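The values are calculated or read from the model by the stated rules, or taken from the named source; none is laboratory data. Worth saying up front: this structure is predicted, and the values here are computed from it rather than measured. Backbone-built Cβ (ideal geometry, glycine too); neighbour counts: all protein chains shown. Only protein heavy atoms, including side chains, enter the accessible area calculation; ligands, DNA and RNA are left aside. Shrake-Rupley method; radii C 1.70, N 1.55, O 1.52, S 1.80 Å.
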2 protein chains.
Amino acid sequence: MGKAKTETGVENDRQSVRALERGLEVLRSFKPGDRFLGNQEIAARTGLPKPTISRLTHTLTRLGYLSYSEKFGKYHLDSAVLALGYSYLVNMDVRRVARPLMQELAEYAQASVALGVQDRLNMLYIEAYRSSATVTLTLDVGSQIPIATTSMGRALLCALPEAESNSILEQVQLRNEADWPRIKTGIEQARKDFDERGFCLSLGDWKRDVHAVAAPLVPSDGSRVLVFSCVGAAFQLRRHMLEDDIGPRLLNLITNVKETLDRQHS
Amino acid sequence: MGKAKTETGVENDRQSVRALERGLEVLRSFKPGDRFLGNQEIAARTGLPKPTISRLTHTLTRLGYLSYSEKFGKYHLDSAVLALGYSYLVNMDVRRVARPLMQELAEYAQASVALGVQDRLNMLYIEAYRSSATVTLTLDVGSQIPIATTSMGRALLCALPEAESNSILEQVQLRNEADWPRIKTGIEQARKDFDERGFCLSLGDWKRDVHAVAAPLVPSDGSRVLVFSCVGAAFQLRRHMLEDDIGPRLLNLITNVKETLDRQHS
DNA sequence: TGCTGTTGTTTCGTTCTGCGGAACTAATGT
DNA sequence: ACATTAGTTCCGCAGAACGAAACAACAGCA
């Protein structure tokens, strides 16, 4: 019924509010790592014309999502965005349930245990624990890691309906034509692991010295897939340990969490 | 120069994008604590008409800021908001600098040490540490506490230019006509403490059994005021300890952090 | 001191987006 | 069958958002 306004593949819904989309795109253009952005840079990243950016940044600043630094003449994210993020976190009751079990496993494995969900083409940590003696990379709540090369991302792909995982993979391919063959191989291997054992591995595919195992939790209530992972230094978490010991324990953890959740919600 | 369009006190800037404002208001209407909201409830909270809400929720859902639960027929916040919040946090380098000192003080005082900034009429934690043996209330990064009755909020008021703190207090008064006299007394006392000693107290004014001391850090580069606080059980953190020992140590911590920051930025 | 490049803001006429009352649909209850 | 309540769709209208172009502010440089 709706006549496609433009022939872009991305339908611009009659039902979508463009100004809101654009404003959020402005916020999104602040990737973790770049402190300050000027209107110019934002315009470059978003492809929006200058006056539009000017209006959007004004609005966002007035509302406390951005603030303006006189010194640099640029904007940076402000507290209001954090307030939103937190409102999201406190309502994820899977965190409360999983926390002690994750902590326990982290200590047992002397590694990090994390819980993540999909966000666009990344996995986003919503909970993380390090063993008391872990020196590994510091990944905390809010951290993002790629989907295709991490165990967490691969476990997600295995748990998602085929249509969705394919759609993700297409986009990944577009963005990584060069590495695609290697990426694809890794994912096929992960599928095999998943079918045989119920979890996926990544042995140095993301960062050379990092080994990890991950498995999904598909909530009974139809909400979004959750993924648990255990991550550590390659020399510490050897393949056989992940496959024979940590992996199974991770599955066990997931079963427990899932049962607890199901029991709680009638 | 700008000609006021309407005579509302809140000027509706020629420079502001209404649709964006409204969309963000929809997100904001999810306070920490309410998991699911239907269009109806959102409409009630924001005062916007139904079709408008419908369009905004659609848009926000498409972008990953909300997601829709078939089961409940309602929306809840989704991962995209957390991704934003994290991008904000990682860029606050005051956190990196302050973290070890906060931890140290927390252990010394056997209490919690927090770092917060203003967000609307709340203080928002951007870093928090508990001593290993603390049983106190669980306040974590992202938590929000009121301005007028907490030591952290009062310290903010003392550090802000008078115009700003007055503007905040006006709004607080409007929202709490009943308690206003008591609130006002507390703040006046805090001002006196601040002038004499450099820090503010709250001895049970926010929660009966909670004592706290706080002091501001006003960055040299003109960015927003930061507040450090030390919080604990009333029976443990007695007034004299806060005034004679913890308070001064907190000021010392702040001096150190500030010097480190100033040294780093040219 | 003027010149040139860069960045952000204002202007202003146009257009299309966002609007919201009203009608419609769907689900739930009695 | 008949209210009741929640959400979506319609559709004509108004004005909000738009963006090209002009303008302003600033820095570097000769």
For the pairing of chain B with chain A, what total accessible surface becomes buried, with a 1.4 angstrom probe, in square angstrom to the nearest 100?
5200 Å²
Specify, for chain B, the residue whose C-beta is closest to the rotation axis mapping it onto chain A, with the distance given in whole Å.
B:Gly85, 1
The ³J(HN,Hα) series, computed from each phi in the range B:56-65 with the Karplus coefficients 6.51, -1.76 and 1.60 at θ = phi - 60°, rounded to the nearest Hz and given as x for glycine or proline, is 5, 5, 3, 4, 4, 5, 4, 8, x, 8
Label the protein assembly as shown by shape, choosing from rounded, prolate and oblate, from the square roots a ≥ b ≥ c of the eigenvalues of the Cα gyration tensor; if a/c is under 1.5 it is rounded, and otherwise prolate applies when a/b is larger than b/c, oblate when it is not.
oblate
Averaged per residue, the 1.4 Å probe accessible area of the range A:157-225, protein heavy atoms only, in Å², is roughly 58 Å²
Take peptides B:209-216, B:66-73 and line them up by average Cβ neighbours within 10 Å, highest first, as a rough protection proxy.
B:209-216, B:66-73
Efficiency of FRET from Cβ geometry, A:Ser220 and A:Gln15, R₀ 45 Å, rounded to 0.05
0.90
What does the convex hull of the Cα atoms come to per residue for the range A:100-237, in Å³?
110 Å³
Which whole-number percent gives the relative contact order of chain A, counting Cα pairs below 8 Å spaced six or more residues apart?
14 percent
Pop out the carbon and sulfur fraction of the accessible area of the range B:21-72 as a percent, whole number, probe 1.4 Å.
53 percent
How far, in nm to one decimal, is B:Arg239 from itself in the other copies if the label point is set 7 angstrom along Cα toward Cβ? Shortest first, please.
6.9
Using a 1.4 angstrom probe and counting only protein chains, how large is the accessible area of B:Asp140 in Å², to 10?
70 Å²
Calculated [θ] (222 nm, deg cm²/dmol) that DSSP helices of n ≥ 4 give over chain A, each run adding -39,500 (n - 2.57):
-14500 deg cm²/dmol
Using a label point 7 Å beyond Cα on the Cα-Cβ vector, give me the inter-copy distances for A:Gln40 in nanometres, one decimal, shortest first.
5.3
Heavy-atom accessible area order for B:Leu20, A:Leu203, largest first, 1.4 Å probe
A:Leu203, B:Leu20
Cα-Cα separations in the range B:18-83 greater than 21 Å, expressed as whole percent:
11 percent
Taking a point 7 Å out from Cα toward Cβ as the label site, list the nm distances between B:Arg95 and the same residue in every other copy, smallest first.
1.3
Inter-chain shielding of B:71-81 (mean C-beta neighbours from other protein chains, 10 Å cut-off):
6
Given pairs A:Lys50/B:Lys74; A:Lys31/B:Lys31; A:Lys31/A:Lys207 and cut-off 28 Å on Cα-Cα distance, the over-length ones are A:Lys50/B:Lys74
Taking Cα centroids, how far is the range A:133-202 from the range B:15-84 in Å?
30 Å
How big is the range B:187-266 by Rg and Dmax over its Cα atoms, in Å?
13.7, 45
Reach of A:Lys192 by Cα under 17 Å, taken over aspartates and glutamates that are not fewer than 8 positions away in the same chain
A:Glu162, A:Asp205, A:Glu243, A:Asp244
For chain B, state what percent of all Cα-Cα pairs lands in each successive 10 Å bin, counting from 0 Å until the bin that includes the largest distance.
6, 25, 29, 24, 13, 2
Pairwise label distance in nanometres, B:Gln110 with A:Asp262, each label 7 Å out on the Cα-Cβ vector
4.5 nm
Taking protein heavy atoms only, a 1.4 Å probe, and rounding to whole percent, the accessible area of the range A:92-264 owed to carbon and sulfur comes out at 48 percent
Below 20 Å, Cα to Cα, which aspartates and glutamates can B:Lys71 reach? Residues fewer than 8 away in the same chain don't count.
A:Asp93, A:Asp221, A:Glu259, A:Asp262, B:Asp34, B:Glu41
